[in-house]
Structure formats: C-alpha cells, structure tokens
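K.L.:
Mind looking over this structure? Questions follow.
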C-alpha cells in the first residue's frame with residue numbers, strides 16, 4: 001500500500017489532517033519510568049545547541065496503532081539551522097520535502113504533484129524542529145523521563161501545546177549521537193526513524209534548501225502561482 005507524501009511527512013512536521021486510520025490503542029513505545037514532568041536535561045540541550053548543520057541517511061518505518069509496520073522508506077536528509085531542511089525519500093518512491101524558511105514544499109515525483117504550506121510558527125512544535133530549530137526549540141517540549149527498551153536507553157519528550165497532532169517524541173542515542181527517533185501521533189501510530197552516516201556541522205549549500213516546482217507539475221496550496229528562487233528539485 002502506498003501512502004501519500006503528506007501522510008509520510010505528517011509525524012515529522014506535525015501537519016494537521018493527515019493521518020492513517022487508527023486500529024486500536026496499542027502502541028510501539030513503552031511509557032517512561034521517570035518523572036511526570038521535569039526540566040529538559042542539560043546534556044540534551046547541549047547536543048542540539050551544538051548542531052548548526054547535519055546531514056545523513058535515514059530508514060523510516062510507519063507503524064499502525066497495533067504495532068504493525070505498514071510502510072517502510074529510505075532516503076537522505078540535510079538540515080541547516082534555523083528552520084531549513086531537506087528530507088529526500090529515495091525508496092520505495094521518490095518524494096521530497098524542503099523547508100526553505102518561508103514555505104514547506106512536498107514534491108511527489110511519480111504523481112507530478114507539489115503541495116506547499118506556509119512555514120509558520122506552528123512548525124516550532126514539530127519533531128523536525130528538534131533537529132532544525134533554533135536554540136529555543138526544546139522549550140516547545142516537556143521532558144517526561146528516561147527508560148530502557150530493547151536493550152537501549154530512551155528519553156521521552158511531549159509537546160507543550162495541547163493542540164499538537166502528536167503526543168510524544170522518543171529519542172535514543174549511541175556514542176553521543178542520535179540514532180533513533182520515534183514519533184507517536186494522537187491516534188497511537190508511530191513513525192520510527194533510524195539515522196545513519198551522520199555528518200555534523202559541515203558547510204551545506206543553500207541550494208539544498210530551496211525549491212522550484214518543475215514545469216508541468218500540479219501545485220497545490222499557497223504560492224501556487226509563484227516561483228521559488230532555486231533550480232528545479234528532484235535531483236537529490
């Protein structure tokens with residue numbers, strides 16, 4: 001089954017109105033055995049504050065509320081703080097998400113369709129901004145504690161805003177590097193992202209974070225008649 005790009009991006013970006021049907025109240029992540037609410041650990045703040053740019057590869061799995069894997073995808077990503085990122089799915093379908101600081105562009109190559117949304121302040125509440133936001137990005141989250149699962153140590157955050165479309169972000173580090181992120185939406189579905197080949201604080205070209213809809217594609221959303229100042233996307 002193929003899921004639309006807006007659904008694949010929903011957990012990462014906290015986009016409203018883009019959810020697969022929930023099955024039960026089951027979940028993948030366990031509850032942390034920590035305090036109900038506490039200050040975000042200084043080590044976590046230092047980790048994210050120490051990142052100006054990050055690029056690498058990812059493996060993403062979408063689980064339904066029963067814990068069944070319903071979609072697997074692979075690709076590469078790049079992030080330039082504050083607020084710009086590129087999320088490029090290469091398998092099983094080529095799809096691209098670009099945040100240029102003003103708009104978020106979602107490009108489905110096979111469907112020849114671009115969806116564009118304003119990159120508003122609401123994105124600061126999204127899991128994507130944990131990696132790509134400014135120094136205050138963690139202020140949009142509460143720390144719920146740490147716990148062990150599957151032989152790994154995890155910590156859990158939840159968004160401060162009660163109207164958020166997701167309810168938890170679970171992070172696991174290995175050797176001081178972020179390796180796994182699990183995003184649980186309000187219906188109990190979980191998006192698990194495994195990061196590999198990470199490179200931190202390397203100079204990245206601005207062209208990675210700009211987008212121009214290729215000729216002939218359908219453009220849906222704000223800026224339908226405008227153009228972004230960048231070469232056509234889809235070249236990886």
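The values are calculated or read from the model by the stated rules, or taken from the named source; none is laboratory data. All values reported here derive from a predicted model rather than from experimental measurement. Here Cβ is always computed from backbone atoms with ideal geometry, including for glycine, and neighbour counts include all displayed protein chains.
K.L.:
Report, by residue number, each residue of the range 50-70 that is over 23 Å from residue 198 (Cβ atoms) and assigned to a strand (DSSP E or B).
P.N.:
63, 69, 70
K.L.:
If a residue counts only when it is free of Cβ contacts under 8 Å to residues at least 24 places away in the same chain, which strands (runs of 3 or more DSSP E) contained entirely in the range 176-227 have at least 1 such residues?
P.N.:
Output list reads 177-185.
K.L.:
Considering every residue within the range 94-114, establish whether at least one is at pLDDT 90 or above, under 24 Å from residue 197 (Cα atoms) and out of contact with any helix residue (DSSP H, G or I) (no Cβ under 9 Å at 6 or more places or on another chain).
P.N.:
Checked the range 94-114: at least one residue is at pLDDT 90 or above, under 24 Å from residue 197 (Cα atoms) and out of contact with any helix residue (DSSP H, G or I) (no Cβ under 9 Å at 6 or more places or on another chain).
K.L.:
Check the range 131-148 and report whether any residue there is surrounded by 14 or more Cβ atoms within 10 Å (Cβ to Cβ), within 21 Å of residue 64 (Cα to Cα) and either without any contact (Cβ under 8 Å) to a residue 60 or more places away in the chain or more than 12 Å from the chain's Cα centre (by Cα) (or both).
P.N.:
Scanning the range 131-148, I find no residue that is surrounded by 14 or more Cβ atoms within 10 Å (Cβ to Cβ), within 21 Å of residue 64 (Cα to Cα) and either without any contact (Cβ under 8 Å) to a residue 60 or more places away in the chain or more than 12 Å from the chain's Cα centre (by Cα) (or both), so the answer is no.
K.L.:
Also: Of these, 85, 77, which one is closer than 19 Å to residue 166 by Cβ, buried (at least 20 other Cβ atoms within 10 Å of the Cβ) and without any contact (Cβ under 8 Å) to a residue 40 or more places away in the chain?
P.N.:
Just a single option satisfies the conditions, and that option is 77.
K.L.:
Here's another thing I want to ask about it. Within the range 155-177, take every residue that is more than 18 Å from the chain's Cα centre (by Cα) and within 27 Å of residue 197 (Cα to Cα) and give me the one that is surrounded by the fewest Cβ atoms within 10 Å (Cβ to Cβ).
P.N.:
175
K.L.:
Related question: Which condition from (1) part of a loop (DSSP other than H, G, I, E, B); (2) free of Cβ contacts under 8 Å to residues at least 12 places away in the same chain is the one that residue 93 breaks?
P.N.:
(2)
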